[in-house]
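Input: a single structure, listed below in structure tokens.
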Amino acid sequence: MLGGPLIIATSLFYLGLLFAVAYWADRQADRGHSVIAHPTVYALSLAVYCTAWTYYGSVGRAAQSGIGFLPIYIGPTLGAALWVFLLLKMIRVSKSQRITSIADFISSRHGKSHLLGGLVTIIAVVGIIPYIALQLKAVSNSFTILLHYPDIIMPSHATTLPIWQDTALYVALLLALFTILFGTRHLDASERHEGLVAAIAFESIIKLLALTAVGLFVTFGLYHGFADVMQQAKTAGLLQPMFDSSSVTSINWFSFSFLAAMAVLLLPRQFQVAVVENSSERHLSRAVWLFPLYLLLINIFVLPIALAGRLAFPDGSVDADTFVLTLPIAHGQEWLAMLSYLGGLSAATGMVIVEAIALSTMVCNDLVMPLLLRHWRTRTAPVDMTSVLLLVRRSAIFIILLLGYTYFRVAGEAYALVSIGLISFAAVAQFAPTLFGGLYWRGGTQAGALAGLGAGFLVWIYTLLLPSFAKSGWLPGSFLEFGPFGIEFLIPQALFGLSGFGEITHCLFWSLTANVGAYVAVSLYKPPNAEETAQASLFVDAMKYDRPAVGLWRGNAEVDELKQLASRFLGGQKVEAAFEDFYRNKGTVYDTSQPADAETVHFAETLLTGAIGSASARVMVASVAQEEPLGLDEVMGILDEASHIRAHSKALEEKSRELEQATTELRSANTRLQELDQLKDDFMSSVTHELRTPLTSIRAFSEMLHDDPKIHLDDRKRFLSIIVSETERLTRLVNQVLDLASIESGRGEWTTGEVNVTGLIRQSIEATEQLFRDKGILVVVDIPDGEHRVWADHDRLMQVMLNLLSNAVKFVPDTDGKIIVRLQIAPENYQVSVTDNGPGIAENQQVMIFEKFQRGDDREGANPMGTGLGLPISRQIIEHFGGQLWVESSLNNGATFSFTIPKGQTALTNTAHQE
Amino acid sequence: MTQHILIVDDEKNIAISVDYLLRREGFEVSVAHDGEEGLKLIKSLQPDLVLLDVMMPKLNGFEVCEAVKRDPALSSIRIIMLTAKGRDAEKEKGLTLGADAYITKPFATRDLVTQVKALLE
């Protein structure tokens, strides 16, 4: 049986488990085995996006408006595609500049301005505090509901309880303590919080598991699958009104998706996990699909749970936001209810912890530090600042959570809390123009950014925050209806008469219009100064390998002074190690008494930026280094030089690429030459062999006849006839070698003209008639009627035909030899084939026989008198006229040699080209 | 006792001429027309000397030579390689494989006979 002590013990045990995970991950990191240096852990940590608002609220939203909960997840899913360059650039810039928060990012880009950082921080705090309140409310409500198990009692309004009985207060205090322990162990915020990220990734798994468990129980335990839930909801008449009353019009779908896509990068906690805690740019490629997949999984059961809740509690007595918890309770599943509660707890704690850390960094660096620096201008500052900084951060965390709690106390069930999710999103969306503009547009200035952010923020307050207060009853509602002082075109949610969009879309439209307009207009009005130009180039050119590596600085400072300065904020040991490391990488001698060069000053400033933000770091470094301010033209000069060097090195690179290309080409040409040389050698060697063979017989017989006059007359006759035939063979060989050489070299003589193919075939058969008769061969001629003309060389074509026919004669069997000569007419060409019923050619020989001096060795009864050049020459001739020559055969099944000759124009142009 | 010579050459006319030439000198002569047949006859006839062409279908002369010299029962048989590819590299290869002499085509008939006789003494 559940009860207060058990639930509290379990909650504490869960938080303890979280701490154990974090502690373990920190230990592993100290030993050099980073747990979070893994793309999956990175993607899971991004899922801190899914808060209690997702966990409980999606179901509530689905119960009201059907699929209206989806844009919040579709936006980031679509937006993830942009991460590969957008988020990558944000990470690259932040790593090189040691940027630790979105406020610092925007401030650093626009000339390291305290004012700008402060404004971003204020917007973030105002936008996020209610969001934290929502988490506290979720935890405290779910705790209270679970406490009443097995009854289902909606929690009474917190504001009616005395403060010391309010669970939310204890939740807030506990989380503050927890966050301080988690997040402020190290000072340099640019050091990754290994433990924190590991714990967040762990929480992402828990909340997904819990919601999936409830979803499975509802869908497959209470019903027979998705279709069953839908069917029953339809029967009960729930489905139709739900989709009818959907508040999400298509324009809202777009604006909600857009908001969510922005929020997933711009919410302080998202910037923290996605940019600051990122350990490798390569992790992005997995996050791009794994994070959307996570969103898909966590949303699969939202609709079934919402419908099941509506079916289970038809009277509306149970808040739809609690269905995830109350459905298991209603069916007596106490452990599932406990798991569900833990899932909600993990969703809320993950958000609160990361958000509080991110906000505390911003508050410390961009609000408190500037004030402290001003304060110490007139008074002596403490030597060791580390403890001051830690104290500031810890207090900030504490105060942020207390503010969250206070908002929850005040707002309670009011509209201003219930609808806060998208209102928060709309607040952080104000960062988009300056952040993304700053990454890609050199022209953005500090004044422009201030104007844009300010304008957007004011419009947001006027069109979204104030109305939400009015709807909560804290402000008179009349100005919502009639406009302030009755001025109609100033009605907050129908500004300048724009109505019918829904409040979020309306706010987004006007606030971003004002924001972008002011940012661009003011930036253009006054051109950027030196500092702004220098910073702009560091950001915009971040992806270029040859961007200026250091900030632009000129002045006098000693290394020792810089070191002492940094030590005051970061501790001596750490700074000493960092400086040693820096000089080792730089490759120069580490001598603290030397004057520091620009690179060293920049290094010290970057080191400090990690701890106190870029604007404060700039102020601190300036306090020890006597800086001579650079004029704009000097900055432009340095940047110009950099771009000249860039252009020069690009040209060099281009040249060396060309050279490399040329080398590769030369190498391959050389290889080709060597191959050709080898081919020529082989050819010569083959020709030599083919010449020597007949010569051998001729010489041997001639010598024998010459030496021995007494040889028998019959032998004498036989020997002489061998000599004659070998001489003929020699002649044939010499002719064919010359023939081939002339064709191959392109110097062949061609007498092209119209050739009648049918006539040519008949002529060739007549010419070989004697051979057929001698061997008793049956010749079948299959030629269509009529004349068919091609453009070719008659004698050459005849040469091919005779070669194919005489080959066929050689290989048909001595009895029942049969040769078929066929002409086929295709649309493009004529195909002539000569088929014999000889022994056929094995497949492995079919390529070889077209090579020079490669007689079909394995063909039984191969004629030793062949030169081995007939087929290669024939193929050359056919290819000269744009046709092909090939063989089809299988062993013991005869062989068919075919060639094609193109019709008409093809042959003509081809020939023209050859001549 | 008449000495037995085997001619292995796929060129029929060359085989005819050498056959005639050596018979006239009083040798007993057999002829094979490719490497495979040649090796078979070497094993069955156990000739005293083989005139072995290099470029032949099926087994080439080098392969036959190697097989003969590797077989202890045949290794005493003298081998003269005949080749139309008069390259030093080829000659070398034949000799390292164990051939006793190497004659380039076309050859003087007198030289051939002298070589054969010299090896059979």
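Coordinate-derived values only; no laboratory data. Not measured: the values here are computed from a predicted model. Quick reminder, even Gly has a Cβ in these numbers, built from the backbone with ideal geometry, and neighbours come from all protein chains shown.
Things to note:
- For A:K526, the lysines whose Cα falls under 25 Å of its own Cα, not counting residues fewer than eight places away in the same chain, are A:K112.
- For B:S30, nonlocal amide neighbours, meaning residues 5 or more places apart or on other chains whose placed amide H falls under 5 Å from its own, are B:I5, B:L6, B:I7.
- For chain A, pairs of C-alpha atoms spaced more than 46 angstrom apart make up 51 percent of the total.
- Segment B:52-121 versus segment A:103-117: alpha-carbon centroid distance in Å: 92 Å
- Rounded to 5, percent antiparallel among DSSP beta bridges of the protein assembly as shown: 55 percent
- Farthest positive-ward along the protein assembly as shown dipole, Cα basis, beta-carbon charges - from A:A792, A:P694, A:L359: A:L359
- Segment A:1-55 and segment A:678-749: distance between their alpha carbon centers, rounded to Å: 92 Å
- Selection among A:Q28, B:I80, A:A337 by position relative to the dipole of the protein assembly as shown gives A:A337 as farthest towards the positive end (Cβ unit charges, Cα centre).
- Each Lys and Arg adds +1 at its Cβ and each Asp and Glu adds -1 at its Cβ; summed about the Cα centre, the protein assembly as shown shows a dipole of about 2700 debye.
- For A:M230, B:M56, the sequence from fewest to most other C-beta atoms within 10 Å is A:M230, B:M56.
- Cα-based reach from B:K43 at 18 Å (exclusive), listing lysines while leaving out same-chain residues under 8 positions away: B:K58, B:K69
- Whole-Hz couplings from phi, Karplus 6.51/-1.76/1.60, listed for segment A:654-663; x for Gly and Pro: 4, 4, 5, 5, 4, 4, 4, 4, 4, 4
- Computed lengthening from A:L391 to A:D816, 0.36 nm per intervening residue step minus Cα-Cα distance: 142.0 nm
- For A:V35, the residues whose amide H sits under 5 Å from its own are A:A29, ignoring neighbours fewer than 5 places away on the same chain, with H placed 1.01 Å from N.
- Around the Cα centre of segment A:750-914, unit charges on the Cβ atoms of Lys, Arg, Asp and Glu (plus for the first two, minus for the last two) sum to a dipole of about 180 debye.
- Among A:L259, A:I106, A:W53 the positive-end extreme of the charge dipole of segment A:20-418 (Cβ point charges): A:I106
- Segment A:294-309 and segment A:59-87 have their alpha-carbon centroids 14 Å apart.
- A Förster distance of 30 Å, applied to the separation of the beta-carbon atoms of A:T513 and A:E281, puts the FRET efficiency at 0.30.
- Excluding same-chain neighbours fewer than eight residues apart, the lysines reachable from A:K234 by a Cα-Cα span under 30 Å are A:K207.
- About the Cα centre, charge dipole magnitude for chain B (Lys/Arg +1, Asp/Glu -1 at Cβ), debye: 120 debye
- Virtual paramagnetic centre 7 Å along Cα→Cβ of A:E843, amide N under 17 Å, in segment A:876-896: A:887-896
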